[in-house]
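Colleague: Okay, handing you the structure first.
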Amino acid sequence: MDLFAELAREPSVVPIDDGAVLLAAHLQHRDRALLDAALAVLSSAPARHMPTRSGGRISVAMSNCGTVGWVSDRQGYRYDAIDPDSGRPWPAMPDCFLSLAREAAQIAGYPSFEPDVCLINRYEPGNRLGLHQDLDEGELESPIVSVSLGLGALFLWGGKLRRDTARRIPLAHGDVMVWGGSTRLNFHGVHSIAAGHHALTGACRYNLTFRHCGTRAA
Ligand code: SIN
Ligand code: FE2
């Protein structure tokens, strides 16, 4: 991907569904600071392929920052204030993460979003995320803010039921998807990432998913 082509993309706000908006090319010149902050988090809480209840491993490598983090293990999914790999609290959420997440939510119509967790997903070519709902948060009033960095992806935007046909929405470096309200629990996922190279991230896609989960940490 050519950096100049990236910078040439004009920001735009694209309605996707009731309560769901794509802020295309939203990051502009803030991309490098966000990536550096993500890499700093990953240097103290490395991305890992978390175990699943069924005995497998999640294809996407994950980590977190914030007061809690999303974890998967043989017991299932939950939020936990402690990183199970290190036994320490997750790294604090960087200020540039917080301000970007608040701003994106505001533009999308959610003016009082206060994320307390950011899940960092690192995709390599061939990695995918099956259709799922974000259900583990303590409250469902807050939206999800989802930032794409690096290699492009096809985001699968489904409906209320797993069997509903999913739209394929291309997500590029610098795009931010926000959804909430009546589509907060819509199924969504990420199609298998195609091989490629991005000037900032190399052969890799990072996704930052901001959520508010309140006091539900285990
Ligand atoms: C997720 O649903 O947790 C991640 C979405 C994405 O990577 O774009
Ligand atoms: Fe999700």
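The values are calculated or read from the model by the stated rules, or taken from the named source; none is laboratory data. On a predicted model such as this, the values are computed, not experimentally measured, just so you know. Don't worry about glycine lacking a Cβ; one is built from the backbone with ideal geometry, like all the others, and counts go over all protein chains shown. Areas reflect the complete protein model, heavy atoms only, side chains present, ligands, DNA and RNA absent. Shrake-Rupley method; radii C 1.70, N 1.55, O 1.52, S 1.80 Å.
Colleague: Being in contact (Cβ under 8 Å) with a residue 40 or more places away in the chain, open to solvent by less than 70 Å² (accessible area, probe 1.4 Å) and not in a helix (DSSP H, G or I) is the filter here, so list the residues in the stretch 74-97 that pass it.
Modeller: Matches in the stretch 74-97: Arg78, Tyr79, Asp80, Ala81, Ser86, Trp90, Pro91, Pro94.
Colleague: Let me ask another. What residue, among those in the stretch 166-218 that are within 16 Å of Leu27 (Cβ to Cβ) and in a loop (DSSP other than H, G, I, E, B), is most open to solvent (accessible area, probe 1.4 Å)?
Modeller: The selected residue is Ala199.
Colleague: Could you please let me know if Leu129 is farther than 19 Å from Ala20 by Cα, touching a Ser or Thr at 6+ places or on another chain (Cβ under 8 Å) and crowded, with 22+ Cβ neighbours inside 10 Å?
Modeller: Considered against the rule, which asks whether it is farther than 19 Å from Ala20 by Cα, touching a Ser or Thr at 6+ places or on another chain (Cβ under 8 Å) and crowded, with 22+ Cβ neighbours inside 10 Å, Leu129 comes out as no.
Colleague: Further question: Of all residues in the stretch 141-161, count the ones that are open to solvent by 10 Å² or more (accessible area, probe 1.4 Å) and away from ligand 2 (no atom under 12 Å from the Cβ).
Modeller: Result for the stretch 141-161: 9.
Colleague: Then there is this: Can you name every residue in the stretch 17-73 that is in a strand (DSSP E or B) and more than 17 Å from the chain's Cα centre (by Cα)?
Modeller: Passing the criteria: Asp17, Pro51, Arg57, Asp73.
Colleague: It is to be established whether one or more residues within the stretch 152-161 are under 13 Å from the mean Cα position of the chain (by Cα), closer than 29 Å to Ile82 by Cα and part of a strand (DSSP E or B).
Modeller: No - not one qualifying residue is present in the stretch 152-161.
Colleague: Still on this structure: Could you grab me the full set of residues in the stretch 168-210 that are among the basic types (Lys, Arg) and free of Cβ contacts under 8 Å to residues at least 60 places away in the same chain?
Modeller: Once the filter is applied, which keeps residues that are among the basic types (Lys, Arg) and free of Cβ contacts under 8 Å to residues at least 60 places away in the same chain, the stretch 168-210 yields only Arg168.
Colleague: Still on this model: I'm checking my understanding of the structure. Among residues of the stretch 98-121 that are of a type in the set (S, T, N, Q) and free of Cβ contacts under 8 Å to residues at least 12 places away in the same chain, which one is least open to solvent (accessible area, probe 1.4 Å)?
Modeller: Out of the qualifying residues, it is Ser99.
Colleague: So which residues in the stretch 98-139 are away from ligand 2 (no atom under 13 Å from the Cβ), farther than 23 Å from Val13 by Cα and in a loop (DSSP other than H, G, I, E, B), if there are any at all?
Modeller: Asp116, Glu124, Pro125, Gly126, Asn127, Gly138, Glu139
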